[in-house]
Every structure is written in C-alpha cells, then in structure tokens.
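Asks: Sharing a structure below in structure tokens format, with a few things to ask.
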Amino acid sequence: MDRRELADFLRRRRATIAPGDVGLPGGARRRTPGLRREEVALLAGMSADSYTRLEQARGSRPSRQLLTALVGALRLSDDERDHLFHLTGKEPPRPRTPTERVRPALLLMLDRLTDVPAQVVSDRGDVLAQNALSRALTGDFAGAPGWERNILWRWFTDPGARELFPAEDRAAHARAGVADLRATLAQRPDDARLAELVRRLRAGSGEFRALWEAHEVAVRRGSVKRLLHPVVGLLELDCEVLLSPEHDQRLIVYTARPGGPSAARLGRLSAPATPSAPARAGRTGAEGFDQPDHHTD
C-alpha cells in the first residue's frame, strides 16, 4: 500500500468535485474548492477521522467494501477506480459478465492483419472473430453454434480437435488450457456460462476432471506453438496474446520467423489457391493453449 500516493490521489480527487455534483448544498463560505473531508466520509459511510487519516497517509489498509464506497463518493472513472485499488495493493474488480461483442476497432485491426493468422477469443475460450488466414489455418469457428465455438469444449469432447497438434504436445496444451480456465473462474465465480462449461466438461471428460482436480492455475500468455496443417505441413509459430482493457477478450496473433520453413509454408497457406483446412483438422480453433509456468494453489 502506497500511503503517500493514496493520500495525494484522494485529496486531488476530492478537490475536483463540487458539492452540487453529489447532491450537497454548496454554501458561500467554503475556503477550499471541492468537497470537505467530512462530506466525503459521509458519502462513503465511514467516520470523518478514518477518512482524514487516509488523506494524511496514516490510515490502515481500506477494505474492498470501503474502496468501492470511495469510488462512488468521489465519482471515480473506471481507470481512476483501478488506480485507487492498485494504490492500496488490491486487485481492481473486473466485469462479472464478459461481453460477446468485439469492439469495431479490434475488428478493423483483425481485418488489416492479412499476412498473419489472427483471431479474437474470450477468456472462456469462445472464438469470437477470425481473419481469413486464421480460418485457412484452423477452420471457421467464430460462427459455430453454441459450445462448438469454444476451444476447450472441442478439445475435450471431440478427438479430432487435437489432430492439428503434434501428439507429443497435446498433454501440455490440455494442462495449460485447464489451468487458464481455473484462473478465469476465480475472477468471475458468478459467470453462469463459465460455470456451466466447467460442469459439463467435468461430467463428460475424465481427462478434464483429473486436470481440474489438480487445481493448477496459470494465465494464458505468449508462447511458441507447433501446428500440423493437413496441406502445408508442420508450422512453428510465435503466438502473441494481446488483452483487451477489461482482460475478457484476447487478440491472438501468430507469426513465423522470417526466412524459416514455417514462414514459407505460411505464405503458401495465404495464397488464394490454397484451400482452407478441413473442418475436422481444424477443430481446435487454433488458439490452442499456451504452456505457462504452472503452480498449484
């Protein structure tokens, strides 16, 4: 907890709010701009002494409930809210329900990535959008119905979903995918679709159930992936994972190292005459799973 920075932030935010902005009488005898300390304390439902100690860099670490109350009292934006939580050493709250709508700017970026496979995937593993080369690499899954567009669902329920990966890599992909799903569920325990995905997979796949019970946790990040495309052969691609501001959507971009055999094969795949991957061979959604450093909670 950075007490000095927290105190400075609270003082400066308080000074920007007029009493009328929060339904309080202004009065003509105010000596300082903005709200008084006792007014912020009143709005936040805390004692004036406790709030004063925070502004004097002497207070104890506020609870999450108190921080949320201060967010409302000081009319903080989402970015300011996150900053307030970070100053107290706490993780900011995340949206409880992720959006399925991909932002137009992200879709425009996806369309302009014409020479590399790229796709937008939710943190639950749903493929939300793909560019043309991503569809050629793995098949078209963004428009698939229901659970069929979910990478984890296909991986653990359809044996053909693994054919795009070398056999020796598959166990690590499965392990990392489940570890990432564990981290997502911990962030959003009230996400009904996420909980239903876990319930269905535990009931339908002994492999998933065993990996889930191991309770490994690791957020998906960049890595190197090997893909066995049925037309152009083995591809070794660098996978970069770019997060949305809310961290609930990921732009996945695959690149091949210049001058290498994978770059040549990827170039063949992007040629107009090259057919897309057969549906069966592309049942992984291509995003696959990273191989992060695992730890057990």
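Rule-based calculations on the coordinates, nothing more; no lab input. Given the structure is predicted, the values throughout are model-derived calculations rather than measurements. Backbone-built Cβ (ideal geometry, glycine too); neighbour counts: all protein chains shown.
Asks: When the distances between all Cα atoms of region 3-87 are binned every 5 Å from zero, what whole-number percent does each bin get?
Replies: All Cα pairs, binned at 5 Å, distribute as 3, 15, 28, 29, 16, 7, 2, 0 percent.
Asks: With a 10 Å Cβ neighbour count serving as the proxy for reagent exposure, in which order, fewest first, do SER50, SER63 appear?
Replies: Lowest count first: SER63, SER50.
Asks: Work out the length of the dipole vector of region 93-233 about its Cα centre, built from +1 on the beta-carbon of each Lys and Arg and -1 on the beta-carbon of each Asp and Glu, and round it to the nearest 20 debye.
Replies: 320
Asks: Give me the percent relative contact order of region 3-87, please, defined on Cα pairs under 8 angstrom at least 6 residues apart.
Replies: 35
Asks: Given a cut-off of under 8 Å on Cα pairs at least six residues apart, what relative contact order in percent is computed for region 98-186?
Replies: Worked out over region 98-186, it gives 20 percent.
Asks: Which far-off residues, 5 or more places away or on another chain, put their amide H under 5 Å from the one on GLY139, with H placed in the peptide plane?
Replies: Correct list: ALA277.
Asks: Quick one: length gained pulling ARG202 to ASP115 fully straight, 0.36 nm per residue minus the C-alpha distance?
Replies: Value of the extension gain: 27.5 nm.
Asks: What's the whole-number percent of alpha carbon pairs in the chain lying beyond 29 angstrom?
Replies: The share of Cα pairs beyond 29 Å in the chain comes to 48 percent.
Asks: So how strong a dipole does the chain carry about its Cα centre when Lys and Arg Cβ are +1 and Asp and Glu Cβ are -1, to the nearest 20 debye?
Replies: Magnitude of the dipole: close to 840 debye.
Asks: Please compute P(r) over all alpha-carbon pairs of region 153-224, binned at 5 Å starting from zero, and give each bin as a whole-number percent.
Replies: 3, 15, 26, 27, 19, 8, 2, 0
Asks: I've got another one for you. If I take the Cα coordinates of region 1-150 and project them onto the principal axes, what are the three extents in Å, biggest first?
Replies: Cα spread of region 1-150 along its principal axes, largest to smallest: 69, 32, 28 Å.
Asks: Given springs between every Cα pair under 10 Å in a Gaussian network model of the chain, which of THR32, THR88, THR52 has the largest fluctuation?
Replies: THR32
Asks: Under the Karplus relation 6.51 cos²θ - 1.76 cosθ + 1.60, θ = phi - 60°, what is the ordered set of whole-Hz ³J(HN,Hα) values for region 104-110, x standing for Gly and Pro?
Replies: x, 5, 5, 5, 5, 4, 4
Asks: Relative to the longest principal Cα axis of the chain, at what angle does helix 64-73 sit, 0 to 90 degrees, rounded to 10?
Replies: Relative to the chain, helix 64-73 is tipped by roughly 70 degrees.
Asks: List every residue whose amide H lies under 5 Å from the amide H of GLY125, counting only residues 5 or more places away in sequence or on a different chain, with H placed 1.01 Å from N in the peptide plane.
Replies: none
Asks: Give a residue-ordered list of calculated ³J(HN,Hα) values for region 7-17 (Karplus: 6.51 cos²θ - 1.76 cosθ + 1.60, θ = phi - 60°; whole Hz; x for Gly, Pro).
Replies: Whole-Hz 3J(HN,Hα) from phi for region 7-17: 4, 5, 5, 4, 4, 6, 5, 4, 6, 8, 9.
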